[in-house]
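To start, the structure itself, in structure tokens.
The values are calculated or read from the model by the stated rules, or taken from the named source; none is laboratory data. Note that the structure is a prediction, hence the values are computed from the model and not measured. We place every Cβ from the backbone using ideal geometry, glycine too, and count neighbours over all the protein chains shown.
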Amino acid sequence: MTNPTHATAAPAPAPGRVIVFDTTMRDGEQSPGASMSIEEKLELAKILEDMRVDVIEAGFPIASNGDFEAVRRIAGLITESTVCGLARAGVADIERCGEALRGAKRGRIHTFISTSPQHRDHILRMSPEDVVEAVHASVSHARKLIDDVEWSAQDATRTERDVLRRCVEAAIRAGARTINIPDTVGYAYPDEYAAVFRDLIENVPGADEVIFSTHCHNDLGLAVANSLAGVQAGARQVEVAVNGIGERAGNAALEEVVMALKVRGDALRFTTGVQTEHITRASRYVAAITGFPVQFNKAIVGKNAFAHEAGIHQDGMLKDASTYEIMRPEDVGQGGSNLVMGKHSGRHAFREKLRALGYDLGQNALNEAFGRFKDLADKKKSVFDDDIIALVDDALSRGEERVQVKALRVIAGTEGPQEAHLTLVVDGAEARATATGDGPVDAVFNAIGAIVPHEAVLRLFQVHAVTEGTDAQAQVSVRLEEDGRIATGQAADTDTLTAAAMAYVNALNNLFMRKQKSAPEPMIASGF
């Protein structure tokens, strides 16, 4: 290439402003199985620009024609963010990158070379002097093509300090505007990483004229901590990826670094230009196109990041959200807090959930419903709103219960007849019966008839799942008719046959209430 690109460099950041450099489409795509199509990259680039990410590293142009085309098209699409392409220290890489960026309003060539003894000896087979010369030559060539050049020392944190100083000085002298000090293999501790920046800033000539950058991998789970330590030590650019995707254990997560700077502005007096309300949108899009799901307890963007199940936590949240949330879910596009109803939920949260669903129960009804909710929560991993509605409707549909289901065991399968062993409580006394039938439900209903003789005819038996999943509650409706009187019963339970028994008994209780009961006679059949 002979003609330089016409891209201009972004203005220098204000004091205390941290540049956010997103590498989701370059380093993030290097995760095995995380390849993105050109159209997907274009859509992600627009999302990142909407988010006001400062620099978008769009790819590695020489890696493939697809990468080249993605960088070229993103460079022509994006007008607010700087579009960056990666290049090794060779002339061919740098020129291919410059060509891809030709149409960028703001473009950057990001060139790198390994500096550590492990990489010099086993990959490059170059001496420290050779590496220093390559740094100067590569950055100089890149500056002929574009104003904004970033240089990276691959495996910087395992590089001898004097060698690293010489390489950084060579890059600055050759015209690099940004100096990236990557913790390529996630090896450093925060204080060690910070010390590298302080040393370079204090001892390398011209260090005060460039922007230093972090690029941290998460092999020891320290990527975000190291990135923040680098900022505290003088770095003013952080290289991050949405959802923390990237090589091996991934990169520092964009959402975590940005929100740490925003939430803890009292301790880290730095700001970014990121519009954080777009964070969840970006996270979900990246998860969808890569097929890499976000773990439920992932900070900031995880499904459970703003979910509360423990009764103590829910009680605090209902009184003041700041008791258990240090940021608003709306600030990251999460919508709102979620009080998850489960076995750890308390009575206060349950009452508020009922009110939100339109129920205002008296104390006795609330206590009964809460007890049944706890029983259900022990059976199900997740209790949904529809589960609670079914549970409360079931409780409210019950009148004076002369008959109650206490225990049920059913033998069913391909070899009949099916058999039901049932225990009912009738007018306070237990009664048991065993019955067979044409199917397990028929056996259950026959057992009920053996304990509570009646002439009612079954007019309706209906079952539907309240929610999704194999542990969903079954809601059963039963309609009985006797002497022109019609009564309906409902019940819900994770066991369909138990729900059927309870619904049938509920209908019987409602039928008995419709009769004259001035002096009800015992309903237990002889022999029980």
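Can you name every residue in the stretch 224-247 that is outside any strand (DSSP E or B), touching a strand residue (DSSP E or B) at 6+ places or on another chain (Cβ under 8 Å) and under 18 Å from Tyr189 (Cβ atoms)? If the condition is that a residue be outside any strand (DSSP E or B), touching a strand residue (DSSP E or B) at 6+ places or on another chain (Cβ under 8 Å) and under 18 Å from Tyr189 (Cβ atoms), then Val224, Asn226, Ser227, Gly230, Val231, Gly234, Ala235 are the ones that fit.
Test Thr178 against the criterion of being in contact (Cβ under 8 Å) with a residue 12 or more places away in the chain, under 30 Å from Lys298 (Cα atoms) and assigned by TED's automatic domain parsing to the domain that holds Thr82, and give yes or no. No. Going by the structure shown, is Ala137 buried (at least 22 other Cβ atoms within 10 Å of the Cβ) and either assigned by TED's automatic domain parsing to the domain that holds Ala249 or modelled with pLDDT of 95 or more (or both)? It is false that Ala137 is buried (at least 22 other Cβ atoms within 10 Å of the Cβ) and either assigned by TED's automatic domain parsing to the domain that holds Ala249 or modelled with pLDDT of 95 or more (or both).
Here is a list: Ile56, Ile62, Ile74. Which entry is in the same structural domain as Arg264 (by TED's automatic domain parsing) and over 28 Å from the mean Cα position of the chain (by Cα)? Give the derivation first.
Values: Ile56 fails: over 28 Å from the mean Cα position of the chain (by Cα); Ile74 fails: over 28 Å from the mean Cα position of the chain (by Cα).
Only one candidate qualifies: Ile62.
Under the condition of being surrounded by fewer than 24 Cβ atoms within 10 Å (Cβ to Cβ) and outside any loop (DSSP other than H, G, I, E, B), the residues counted in the stretch 201-223 number 8. The strands (runs of 3 or more DSSP E) located wholly in the stretch 390-489 that include 2 or more residues which are more than 13 Å from Ala507 (Cβ to Cβ) and of a type outside the set (S, T, N, Q) occupy 403-411, 418-426, 429-437, 457-465.
Within the stretch 336-343, does at least one residue satisfy the condition of being aliphatic (A, V, I, L, M), surrounded by 14 or more Cβ atoms within 10 Å (Cβ to Cβ) and part of a helix (DSSP H, G or I)? Can you show your working first?
Looking only at the stretch 336-343, we keep the residues that are aliphatic (A, V, I, L, M), and these are 339-341.
Cutting the leftovers down to surrounded by 14 or more Cβ atoms within 10 Å (Cβ to Cβ) gives us 339-341.
Narrowing further to those that are part of a helix (DSSP H, G or I): none.
Within the stretch 336-343, not a single residue is aliphatic (A, V, I, L, M), surrounded by 14 or more Cβ atoms within 10 Å (Cβ to Cβ) and part of a helix (DSSP H, G or I).
Looking at Lys319, Lys262, which is the one that is of a type in the set (D, E, K, R), in contact (Cβ under 8 Å) with a residue 60 or more places away in the chain and over 17 Å from Gly244 (Cβ atoms)? I'd like the intermediate steps shown before the answer.
Working: Lys319 fails: in contact (Cβ under 8 Å) with a residue 60 or more places away in the chain.
Answer to the selection: Lys262.
Scanning the stretch 113-140 for residues that are touching a residue at least 40 places away in the same chain (Cβ under 8 Å) and either in a helix (DSSP H, G or I) or under 26 Å from Glu80 (Cα atoms) (or both) turns up Pro117, Gln118, Ala134, Val135, Ala137, Ser138.
Closer than 20 Å to Glu39 by Cα, of a type in the set (Phe, Trp, Tyr) and modelled with pLDDT of 95 or more: does that describe Phe60? Yes, satisfied.
Return yes when Arg88 is of a type in the set (Lys, Arg) and more than 30 Å from Phe270 (Cα to Cα) and no when it is not. It is true that Arg88 is of a type in the set (Lys, Arg) and more than 30 Å from Phe270 (Cα to Cα). In the stretch 30-37 there is at least one residue matching the filter, namely being in the same structural domain as Ala170 (by TED's automatic domain parsing) and farther than 23 Å from Glu255 by Cβ.
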